[in-house]
1. How much accessible surface does B:TYR144 have with a 1.4 Å probe, in Å² rounded to 10?
2. Rounded to whole Å and sorted largest first, list the principal axis extents of the Cα atoms in the protein assembly as shown.
3. Put a label point 7 Å from Cα along the Cβ direction on A:LYS145, then list its distances to the equivalent points in the other copies in nm, shortest first.
4. Using only Cα atoms, figure out Rg for chain B and give it as a multiple of 2.2 N^0.38 Å.
5. For chain B, with all protein chains present and a 1.4 Å probe, just round the carbon and sulfur fraction of the accessible area to a whole percent.
6. Filter the trypsin sites (Lys or Arg not before Pro) in region A:43-127 to those in DSSP coil with at most 10 other Cβ atoms within 10 Å of their Cβ, and list the result.
7. Mind giving me the nanometre distance, one decimal, between the label points for B:ASP80 and A:SER55, set 7 Å out from Cα along Cα→Cβ?
8. Once label points are set 7 Å from the Cα along Cα→Cβ at both A:THR138 and B:TYR144, what is their separation, rounded to one decimal in nm?
There are 2 protein chains.
Amino acid sequence: MVLRQDWSRHPCPIARTLDVVGDPWVLLVLREALLGATKFDEFRTTLQVADNVLSKRLAMMVDEGLLTKAPYKGRQRTHDQYLITEAGADLLPVLNALAHWGENHTDPPRRHTAMWIDHNGHTSTSATECSTCGEELTSANRTYKRQWVAP
Amino acid sequence: MVLRQDWSRHPCPIARTLDVVGDPWVLLVLREALLGATKFDEFRTTLQVADNVLSKRLAMMVDEGLLTKAPYKGRQRTHDQYLITEAGADLLPVLNALAHWGENHTDPPRRHTAMWIDHNGHTSTSATECSTCGEELTSANRTYKRQWVAP
């Protein structure tokens, strides 16, 4: 990482993880990747992030093994897309813990725009186990929905 | 926070939490506070962090309600100590999730076996006195060896 000293070989596993995800943009890019974003423009539009900031984060996340780069054919030429890896998906508990704290200890904006999890038509309030039917949720059977997008 | 845009009223609770804990030092200060540190010098010594970096983070964490400041009587004068709040302690699941990922996806340092000291073919664990034969070690009769260099 760029902002401070190298913690990649720190004895504390929290510090070693922060060496990879200590930048807040990295966690928000991961959130979008877990929601299904794969293309540069998708990340840029949802996150409203500057091009140089985003491309630096994506390159670093590929280096660190959170994302893999795969080519796809665009209309004019071949582009890169960014696919989440197992290691990247394993950061979901970090995102869940951050979301949980935010729900309990910060104020939402006045017009609340919630997200929910869809599991084969069930609405779930948990990301790990369907709160309707109890089935274990994985990235394969779980979709994140936004209130402001028609279901 | 200072490094980027204000996310304190963002619709996403992850972003709102990152507005408070998006700086890696904040999470390491919290780790120390949860381990019992309360005094400026305790945080500074364990974290090996510059004074200005630490005092900025502590002030911000008091502002955000993660720590409270309480005076205590030192030998010469009254100092401040920093006590963790309920909201601060509620970040433990975030630290746990970070630690868990670090244990699974990053390499710990090889700190115990990474280097050893060679004294005329003896392996020594001390740099001042050969732990094999007891002879005093100096820069003339002592060589530092690394594990990844063939002995």
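1. 120 Å²
2. Ordered largest first, the protein assembly as shown gives principal extents of 79, 57, 41 Å.
3. Spelled out, the distances from A:LYS145's label point are 6.5 nm.
4. It is 1.50.
5. Reported share for carbon and sulfur atoms: 49 percent.
6. Taking region A:43-127 and a limit of 10 other Cβ atoms within 10 Å, the loop trypsin sites (Lys or Arg not before Pro) found are A:ARG75, A:ARG77, A:ARG110, A:ARG111.
7. So the label points at B:ASP80 and A:SER55 sit 4.3 nm apart.
8. 4.8 nm
The values are calculated or read from the model by the stated rules, or taken from the named source; none is laboratory data. The shown structure was predicted, so the numbers you read here are calculated from the model rather than taken from an experiment. Virtual Cβ from ideal backbone geometry, glycine too; neighbours counted across all protein chains shown. Note: accessible area is taken over every heavy atom of the protein model, side chains too, but ligands, DNA and RNA are not part of it. Shrake-Rupley method; radii C 1.70, N 1.55, O 1.52, S 1.80 Å.
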